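Derivation of every value follows stated rules applied to the coordinates shown; laboratory data play no part. All of these numbers come straight from a predicted model, not from anything done at the bench. Ideal geometry is used to build each Cβ from the backbone, glycine not excepted, and the neighbour counts take in all protein chains shown.
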Amino acid sequence: MKTLKYIFSFTLVFLISCAEDDNDLSFIDEVIAPSEVSALFKVTQDNTGEVTITPNATGASNFNINYGDGTEETANVVQGESISHTYEEGSYTVTIEAVGITGLKTEATQNLEVSFKAPENVDVAISNDVAVSKQVNVTANADFAISYDVYFGESGIDDPVSANIGESVSYTYQNAGTYTIRVVVMGAAIATTEYKEDFEVTEILQPIASAPEPPNREETDVISLFSSKYNDVTDTNFFPDWGQGGQGSGWALFDLNGDEMLQYINLSYQGIALADGTSVDVSGMQYLHLDVWTADEGIKIETSLINNAGGNVTEAPVWSDLTSGEWTSIEIPISDYTDQGLTVTEIFQMKFVGDPWATGTVFIDNIYFYKPSTVAEVPEYNAPSPTQNEANVISIFSDSYTNVGISELNPNWGQTTTLTPLDISGNNIWLYEALNFSGIVTDYGNPTDLSAMDYVHFDYFTPDAEVLGLKIVNTVVNEEDIEFVENIVRGTWVSVTIPLSDYAIDASAVTQLIFDTTGGSAKVYIDNLYFYSESSSQPTVSAPSPTIAASDVISIYSDAYTGVTLNEVNPDWGQTTTLSDFNISGDNIWLYQSLNYSGIVTDYGNPTDLTGVKYLHFDYYTPDATTLGFKIVNTALNPVQEDIIFLSEILTGTWVSVTIPLSDYNLDFANITQLIWDTSGGSATVYVDNIYFHN
């Protein structure tokens, strides 16, 4: 058994010149203590008890060794060297202190048993490694033993691999097959004990892990043929009868723990054919992607696109090298095909060819065409500015308020997440990358009392997250609960407001907040994380102030922007709704009362073109609504085209900012003339501000 203890001592010796400013000590910040401290014990088989100790560690320059037998002597050994010591029979704990070049130290202990009896009760475990092809792992245990040697039996390899008893050794063979593995177990006695086994070394001939998961992309940026991530072109044939079976090739749909992939056996050539009469135009895409796995060495794969423009079938190939035993992600620019003169507007078939011919088996997954994401990767502007009165706010992170003390940010709890503070035009934000989870610790000794707060608010921006939750933890009574964002919107700042009543915890002593993507790995920007109280039948503060540049906005109603022409507001279409103006500190707001539905007409003679615009935004405040939908109408078409999105949840008693991707609407955006509020026959009071479309 080995135990580790880190010793934080730090000693530096400097030669200081007169020009002290030339001494760059920044490297000190990056120095870490030695790690992976161990020692190999080798004993002479002559009943003398002489043990050779070879210490090892990452980042160590030398070692201090305490033999553990009561002697006062502590030996110093340089990395790569050994030292010998004579023991009486007995059990000892040897201490190895690894010292780095700066003096940082790490201590480890290992047990040593010295006996002049021959090793007994030898137990040897030999197994093929589950992840590395042709690698064999050996572990030996025995009574009265100190170390063991393994002779793996491969021709031309005579030297053994040594290890302490109870520890494991590994060896990778050149070829699969059956080998005689001999294990010599040694103690301090003259006699040794041997174990011998004929063992079959196997080669991993199929993937044991899935291909890398494709990134989150908008459906309009992808044309997928075979991938569980995206919507595939339907009725595609992945083994059309082109005579390849006669070439010794075959195929199967390989299932790896529920993840299906294409398996082409002894690949000579192989086709993929879209359904009869079906083709895809990939001229708007920039790359063809596929992931390929093979166990075979020296395999290449040809990927051809076959076009059928005007009934004239043409094709072009691109060759790619494959790496044995791992997934090869292939990215082929579409220009590699068009530069060969291939038209790519009617791709109806693909073809794979193996080299060498009909000798290698390949597994293929994630076949899709794509173009760079139209979703913004980084925010170009700040999140909307909060407007809640500071007297009603407990702020964790926001430039708009005085924040509570934070004792730990992204503490090391085993996460993959990195955290980087950023500044956008003078405003501080947090950037989480590779976010699976990340904690915020306020003060364990002085927990934050949130019992008087009604809501938690934060703003996020993400180009790729699929899931995002905020967990609140009371470590005093060991209670925690998490709420997830209902629908993730990517590529723009999104404001999130969650009633604290949704959390089933005692909020009087909160010490931790945790962002969680449930095992994902996402990039997420965060701002304006705060709790607040609000209780009124009408708003007492304005909605958050928009920050998007006017050049990226088509505004319907907002003091922050110049709006398009409105011909009619709440026109008489038989509704019960009344509309009046409401004002808070000079900010104009629409007040709908008895709202069942209500229209906004821009200009029938000059429709609003929303083509290429990505998002709809509005802010609402309601004391009583239970349903609220927003309909967009194109009256220029015959028949009229319209679609409506209803909010999945209505919050009452606070301003709520809503962002809806326009891709959620199924209509032609070129000639929009009507926008309609709808409560599905209800009769509600709803305050509305900042209705605009934006990129």
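Assorted remarks:
- When every Cα-Cα distance of the stretch 81-227 is counted in 5 angstrom steps from zero, the calculated P(r) takes the values 2, 8, 13, 14, 12, 11, 10, 9, 6, 4, 4, 3, 2, 1, 0, 0 percent.
- Check: the stretch 550-694 dipole with +1 on Lys, Arg Cβ and -1 on Asp, Glu Cβ, in debye: 100
- Selection from SER84, PRO34, ASN690 lying farthest towards where the dipole of the chain points positive, charges on Cβ: ASN690
- From least to most packed, judged by other beta carbons within 10 angstrom and beginning with the fewest, SER555, SER84 follow the order SER84, SER555.
- Of the GluC sites (Glu not before Pro) in the stretch 56-121, the ones in a loop by DSSP (not H, G, I, E or B) with at most 15 other beta carbons within 10 Å are GLU72, GLU73, GLU81, GLU88, GLU89.
- Legend: calculated FRET efficiency, ASP339 to SER425, from the Cβ-Cβ distance at R0 = 35 Å, rounded to 0.05, equals 0.25.
- CD proxy at 222 nm, helix term only [per DSSP H run n ≥ 4: -39500 (n - 2.57); per residue of the chain; nearest 500]: 0 deg cm²/dmol
- Sequence of LEU409, LEU431 once ranked by neighbouring C-beta atoms within 10 Å, starting from the fewest: LEU409, LEU431
- Three-way shape call for the chain based on the alpha-carbon gyration tensor, with the a/c threshold at 1.5: oblate
- Gap separating the Cα centres of the stretch 438-458 and the stretch 127-168, nearest whole Å: 53
- For the residue pairs LYS42/LYS105; LYS42/LYS134; LYS229/LYS614; LYS229/LYS351; LYS300/LYS614, alpha carbon separations beyond 30 Å are given by LYS300/LYS614.
- By other beta-carbon atoms within 10 Å, ranking HIS289, HIS617, HIS694 with the fewest at the front produces HIS289, HIS694, HIS617.
- In the stretch 219-370, Cα pairs under 8 Å separated by at least six residues give a relative contact order of 35 percent.
- Net charge dipole, the stretch 194-320: roughly 440 debye, given to the nearest 20, about the Cα centre with Cβ charges of +1 for Lys and Arg and -1 for Asp and Glu.
- Considering only GLY354, VAL43, LEU431, and ranking their Cα positions along the charge dipole of the chain that arises from unit charges at the beta-carbon of Lys, Arg, Asp and Glu, the one farthest toward the positive end is GLY354.
- With an a/c value of 1.5 or above and a/b larger than b/c for the gyration tensor axes a ≥ b ≥ c computed over the alpha-carbon atoms, the stretch 509-582 is described as prolate.
- Given charges at Cβ of Lys, Arg, Asp, Glu: the chain dipole, positive-most of THR673, GLN135, THR202: THR673
- For the stretch 550-694, the relative contact order works out to 36 percent when only alpha carbon pairs closer than 8 Å and six or more residues apart are counted.
- Whole-number percent relative contact order across the chain, with pairs defined as alpha carbons under 8 Å at least 6 apart: 8
- Note on VAL569 and ASP443: with the Förster distance fixed at 45 Å, the Cβ-Cβ geometry gives a FRET efficiency of about 0.35.
- Prolate/oblate/rounded call for the stretch 219-370, Cα gyration tensor, a/c under 1.5 rounded: rounded
- Charging the Cβ of each Asp and Glu at -1 and of each Lys and Arg at +1, and nothing else, the dipole of the chain about its Cα centre rounds to 480 debye.
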